[in-house]
Amino acid sequence: MRIALFGPPGAGKGTQARLLVERYGLRHISTGEILRAATKARTPVGLEAKTYYDAGHLVPDAVVRKLAEEAIAAQGYDDFILDGYPRTVQQAAWLTSFLAVHGKPLDAVLSFVLSEAAIVDRLSKRRVHVETGENYHLDHKPPPGVDPALIVQRPDDQPEAIRKRIQVYKAETQPVETYYRQRGGLVEIDAFGDFETVYQRIEAVVKAHAGSSSVLKP
Ligand code: AMP
């Protein structure tokens, strides 16, 4: 099964991807996590990417394309969940061609729908465990009582960066939804509610697609 999770920052794509990974044995390919890992490893790509994502900007298409394609290839072009890729129409077109070359088009693109007020609430109250990468929410999923130094707020979850990310999302990422809608593979998911409720909505779609051939036309 090959699916992509699409939607605004803070819509819960990462949380839902982790649940699908646990329950369906798919590989989670998050370009955001790959970039943060590269930064942590102090690679040239990671250090350059940090200057973009800390400010709420997108990392250049060509950089992210290479990382995403390498991760998909390493996974044998199948059984993956893309999270946060593609984020521009250019990336979407590249992805369509890349997967078509390998005869493995996406089965579905799940588009998470959430109001702007809910997005700001989720991002500003999000906290992350530095070692596990697990996401928490100060009200709905409070971080565990571990050493407080292990629970941090991402620099791009600061108010100024959140505003920038929403602006960038509207300008550069939202058109990707139209790209997939026109190709017939887009399924909207109401992303409001607790994570298990949202997961049930997603699972209904995933089950419908499991074992079926792609609904996405190149
Ligand atoms: P995420 O963890 O998905 O919220 O991604 C964190 C940041 O990494 C984003 O705000 C972007 O700056 C960068 N990033 C992740 N995926 C992409 C992508 N597909 N294209 C460009 N930038 C990306």
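Quick rundown of the values:
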| read-out | value |
| --- | --- |
| DSSP beta bridges in the chain [antiparallel fraction, %, rounded to 5] | 25 |
| Fraction of beta bridges assigned by DSSP in segment 112-216 that are antiparallel (%, nearest 5) | 75 |
| Fully extended contour minus Cα-Cα distance, from TYR24 to LYS40, at 0.36 nm per residue | 2.9 nm |
| Angstrom value of the Kirkwood radius, inverse mean 1/r, which spans all Cα pairs in the chain | 17.6 |
| Neighbour-count order for SER124, SER30, fewest beta carbons within 10 angstrom listed first | SER124, SER30 |
| Net charge contributed by nearby residues that have their C-beta within less than 15 Å of TYR199 (K/R +1, D/E -1) | 0 |
| Proxy reagent accessibility, fewest Cβ within 10 Å first, across THR39, THR88 | THR39, THR88 |
| Cα-projected label distance for SER115 with HIS140, points at 7 Å along beta-carbon direction, nm | 1.3 |
| Convex hull volume per residue in cubic angstrom - Cα atoms of segment 46-111 | 93 |
| GNM result for the chain, Cα springs below 10 Å: residue of GLY56, GLY32, GLY103 fluctuating most strongly | GLY103 |
| Projected area averaged over orientations for segment 1-107, convex hull of C-alpha atoms, nm² | 6.6 |
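Every number in this text was worked out from the coordinates using simple rules, so none of it is lab data. Remember, it's a predicted structure, so these values are computed and weren't measured experimentally. We place every Cβ from the backbone using ideal geometry, glycine too, and count neighbours over all the protein chains shown.
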